[in-house]
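Presented below is the structure to which this report refers.
The values are calculated or read from the model by the stated rules, or taken from the named source; none is laboratory data. Because the structure is predicted, anything quoted here is derived from the model rather than measured. Here Cβ is always computed from backbone atoms with ideal geometry, including for glycine, and neighbour counts include all displayed protein chains. Surface accessibility is based on the protein's heavy atoms, side chains included, excluding ligands, DNA and RNA. Shrake-Rupley method; radii C 1.70, N 1.55, O 1.52, S 1.80 Å.
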Amino acid sequence: MTTTRRDFLKTSAIVGGGLTLGIALPGAVSEATAAGTLHTPNAWVHIADNNTITLISARSEMGQGVYTSMPMLIAEELGVDIHKVKVEIAPVGDVYVNSLLGGQLTGGSTSVREAWEKLRVAGAQVRTMLISAAAQKWQVDPATLHVHDGSVIGPGGRKATYGALAEAAALLPVPKDVVLKDPKDFKIIGKPTKRLDTPGKVNGTAGYGIDVKLPGMVYASLEQCPVIGGKVVSFDASKAKGMPGVIDVVQIRDGVAVVADSYWRAKKAREALTVTWDEGPGAQIDNASMRDSIRNASDTPIPIKKTGDADAALKGAAKVLQAEYWSPLLAHATMEPQNFTADYRNGKCVVIGPAQFQQGTAGNVAAALGLKPEDVTVKTTFLGGGFGRRLEVDFAVQAAEISKAVGKPVKLLWSREDDTSHDFYRPMALHRMAGGLDASGNPVALTFQLTSQSVTQRAFGLPKGTLDPFMAEASVVGYAIPNMTQSLIEHNSGLRVGYWRSVSHALNAFANESFIDELAAAAGRDPYQYRLGLLSEQPRLANVLKLAAAKAGWGTPLPAGHHRGVALMEGYDTYMAQVVEISVKESEITVHKVAVAADLGHMVNPDTVHAQLESSIAFGLSSTLGSEITLEKGRVQQSNFHDYPVIRMFQMPKIDVTLVQSTEKPGGIGEPATALVGPAVANAFFAATGKRVRRLPLSADNIKSA
C-alpha cells in the first residue's frame with residue numbers, strides 16, 4: 001500500500017465537502033487565472049475576466065495569518081466577500097520590498113503594519129478603475145455608481161461584474177489619489193475571521209517546501225562540519241557510493257552531499273561517509289569562553305538614548321542597586337526542518353521552498369552559482385515555522401550548488417539534528433543595570449548597558465561602531481524616571497547569530513522588567529502599583545497594565561503556593577502587559593495562568609491576534625523554562641527536542657486575552673508577547689521564593705546555582 005498520510009487527508013477532505021480556498025504554487029500567476037484572461041491594474045490585485053480576484057502577497061505565510069489578513073484589506077475596499085479573493089505569493093521584485101525593513105522579507109511583526117495603507121490603497125485604486133470603466137461603458141457619472149459583491153451597480157439596476165469590466169479598467173490610468181473607506185463603515189476589517197488557509201493545512205493540500213516534487217527530482221542529505229564554519233579537507237565516499245539508490249556524492253562549500261533516489265537512502269548513505277575536517281577557530285568556542293569574552297569586552301559603548309544625568313543622580317541617590325542579567329543562546333526550532341528544492345539547467349536556476357527573504361535568496365544563489373540575480377527564480381511555499389531562521393538562505397544555496405553539481409533537480413532535506421546543530425542562534429547577551437532610589441523609594445536614575453553580538457553586522461554588513469537598531473528594541477523603558485542612560489556594546493563572541501522571534505525585545509525586556517521589579521522590592525512597594533505610579537506619561541501602557549492586573553485578580557487571594565509576576569513593554573507599536581501565575585516545587589516552575597492585555601491599535605483580524613498572542617506566549621515559555629544551546633569545543637550539544645525542550649501541551653497554561661479596541665495605527669503582534677513571558681515568570685518566582693534569578697532559562701540547574 002503506497003497511500004501517504006497526506007494522500008489520505010486529501011481524500012478525506014474531498015469526501016467532507018472540498019476546500020474553502022485554493023492556493024497555487026508561487027511563481028507566475030497561473031492556477032487562479034487559468035480559466036480567464038488576466039488583467040493587472042496594479043502589482044497587488046489581479047482580476048480575470050472569469051471574475052477571479054487574486055491578491056499577490058509580498059509576505060510569506062509562516063503561520064502568522066497573512067493569507068487571511070492581507071485579503072481582508074483588499075476585500076474591504078473592493079466590496080467583495082473575502083472568500084472570493086485567492087492568494088499567491090509574490091515573485092522577487094522591487095515593488096514587493098517591505099518598506100519598514102528595506103527588503104522583500106517577512107519579519108519584525110511588520111506584515112500588517114506595512115500593508116495597512118498600501119493594500120487598502122491598491123484595492124481602492126482597482127475599485128475606482130472598475131467604476132470608471134463602467135461609467136464610460138454606460139456614459140454616466142461615476143458618482144452615481146457603487147460596488148457590491150464583485151459587481152459595479154448603476155442607475156436603473158444596471159450591473160456589470162468585475163470580470164466583465166476588468167479588461168477595460170486595466171487600460172485606464174491608475175489613480176494616484178483615491179478615497180479609502182471610513183473605518184466606521186468597515187464590514188470585514190476588524191471582524192473576527194476564520195483563517196482561509198486552515199482547510200488546506202488540515203487536509204494536506206497546502207504545499208510546504210518539504211512537499212515539493214519536480215519531474216526527475218532526486219534527494220540530498222548534507223554532511224556539514226560539526227563545528228559551524230569548518231571546511232572539508234578530504235573525504236572517502238567509497239562505502240556510500242555502493243549503497244542502494246545512491247546517485248552521486250559531491251562536495252560543496254558547506255560540506256559533502258549524498259544524492260540518492262530517496263531522502264532515507266541519501267541519509268543512510270551519508271552515515272557511511274568518512275570526512276576529515278578543518279574545524280577552524282570555532283573549535284575553541286564554548287559557553288564559558290563566550291561569557292568571558294562578553295564580560296570582558298572592551299569595545300566602545302554605543303549610545304542609544306540619554307535623559308538627564310544618570311551618573312550624577314546615582315551618586316546622590318539614597319539607595320543604589322546594581323545587577324547583571326544573562327540571556328542564553330537559542331535555536332529557532334521550526335517544526336519543518338530546513339529544506340529547499342533547486343533545479344539548475346542551461347545557466348538558470350529555479351529554487352523552491354520556505355523563504356522569509358526572497359531577494360536575499362535570489363542574490364545569494366546567483367552569487368554562489370556565478371549567475372545574474374535575474375537568472376534565479378524564487379518560488380516561495382508555505383513555511384512550517386520561520387521565527388527568523390528562514391531569513392537565512394544557507395540551505396537554498398546548498399540545494400542550488402548540489403543541483404548544479406549533479407545536473408538534476410534536487411531536494412535538500414536537513415534532519416532535525418542538522419537543524420538544531422547548524423542554526424543561526426539568538427545571541428548570548430549580558431545586561432548591566434544600575435538604579436538609584438530617593439529616600440521615598442522612587443527611582444531617580446536608571447542605566448542600561450547591553451553587550452551582545454550584532455546580527456545586522458553579520459547579516460547585512462552594518463559597519464562596526466554603528467548603532468544596530470535591532471539590538472536597541474525595548475531598551476528604553478516608558479517609565480517616568482528623570483535620569484536614564486541606555487547604551488550597547490556590539491561584541492563578536494565568535495558564533496554565527498541570527499534574528500529570533502521578537503529579536504532584542506526578549507533580551508532587553510528581561511533585564512528591564514526584572515530590574516524594575518528589583519527596584520520595587522528595594523522600595524518595599526507592590527510591583528504592580530510601583531509600575532503604575534511611573535506611567536503617568538504613558539496612558540496606553542498604564543491601561544494595559546490595569547487590564548492585565550484586573551484579569552489576573554492582582555491583590556486578591558491565590559491558591560496556596562501560587563504567586564504572581566508582572567511585566568510590560570511597548571514593542572512594534574504594540575503596548576502590552578502580562579501577569580503570570582505560577583507555583584514552585586523543588587526548583588521546578590509550573591505556570592498556571594497568563595493574563596495578557598494588548599493594545600495594538602486598529603486590528604485587521606482579532607481572531608489571528610488572539611492566536612498570535614497564545615503562540616507567542618508558548619514560544620516564550622519554551623525559552624523561559626528550559627531551552628538553551630550550549631557548546632563544547634565548538635560543537636552544539638543539543639540535537640533534538642529531547643535535549644532542546646519546547647513546551648509540551650500539558651505544560652501550557654490557561655491564557656486570558658484582553659484586546660483593547662483602538663483606532664490608532666496597527667501595531668505588530670506576532671512577536672512582542674514572546675518577550676514578556678521571561679521577566680513575568682522570573683518576577684513571579686521572586687514573589688514565590690524571595691530568590692532573584694538573573695539568568696535564563698529558569699531551569700532547575702540555573703535556579704539552584706543562582
Of the residues in region 237-253, those that are open to solvent by 60 Å² or more (accessible area, probe 1.4 Å) and of a type in the set (A, V, I, L, M) come to MET243, ILE247
Within region 663-676, the residues that are assigned to a loop (DSSP other than H, G, I, E, B) and either open to solvent by 30 Å² or more (accessible area, probe 1.4 Å) or touching a helix residue (DSSP H, G or I) at 6+ places or on another chain (Cβ under 6 Å) (or both) are THR663, GLU664, LYS665, PRO666, GLY668, ILE669, GLY670
Picked from region 278-288 (must be touching a residue at least 12 places away in the same chain (Cβ under 8 Å) and open to solvent by 40 Å² or more (accessible area, probe 1.4 Å)), the residue farthest from TRP326 (Cα to Cα) is ASP278
Given the conditions (1) loosely packed, with under 13 Cβ neighbours inside 10 Å; (2) within 29 Å of the chain's Cα centre (by Cα), every one holds for SER298 apart from (2)
Scanning region 463-485 residue by residue, those touching an Asp or Glu at 6+ places or on another chain (Cβ under 8 Å), surrounded by fewer than 18 Cβ atoms within 10 Å (Cβ to Cβ) and modelled with pLDDT of 95 or more turn out to be ALA480
Log entry, pairs with first residue in region 685-702 being surrounded by fewer than 17 Cβ atoms within 10 Å (Cβ to Cβ), second being part of a loop (DSSP other than H, G, I, E, B), beta carbons closer than 6 Å, six or more apart or on different chains, reads ALA700/SER587
Across region 390-425, the tally of residues that are over 22 Å from the mean Cα position of the chain (by Cα) and not in a helix (DSSP H, G or I) stands at 6
Filtering region 179-224 down to residues that are farther than 30 Å from ARG345 by Cα and of a type in the set (Ser, Thr, Tyr) yields THR193, THR198
Within region 377-389, the count of residues that are over 29 Å from SER289 (Cβ atoms) and either aliphatic (A, V, I, L, M) or not in a loop (DSSP other than H, G, I, E, B) (or both) comes to 6
For region 240-276 the number of residues that are part of a strand (DSSP E or B) and in contact with a helix residue (DSSP H, G or I) (Cβ under 9 Å, 6 or more places away or on another chain) is 14
For PRO557, the lone unmet condition from (1) open to solvent by 10 Å² or more (accessible area, probe 1.4 Å); (2) under 26 Å from SER662 (Cβ atoms) is (2)
The one condition GLN322 fails out of (1) open to solvent by less than 10 Å² (accessible area, probe 1.4 Å); (2) outside any helix (DSSP H, G or I) is (1)
Residue hits (region 220-236; under 15 Å from HIS422 (Cβ atoms), open to solvent by 20 Å² or more (accessible area, probe 1.4 Å) and among the small types (Gly, Ala, Ser)) are GLY229
(1) in contact with a helix residue (DSSP H, G or I) (Cβ under 9 Å, 6 or more places away or on another chain); (2) among the aliphatic types (A, V, I, L, M); (3) modelled with pLDDT of 95 or more all hold for MET217 apart from (1)
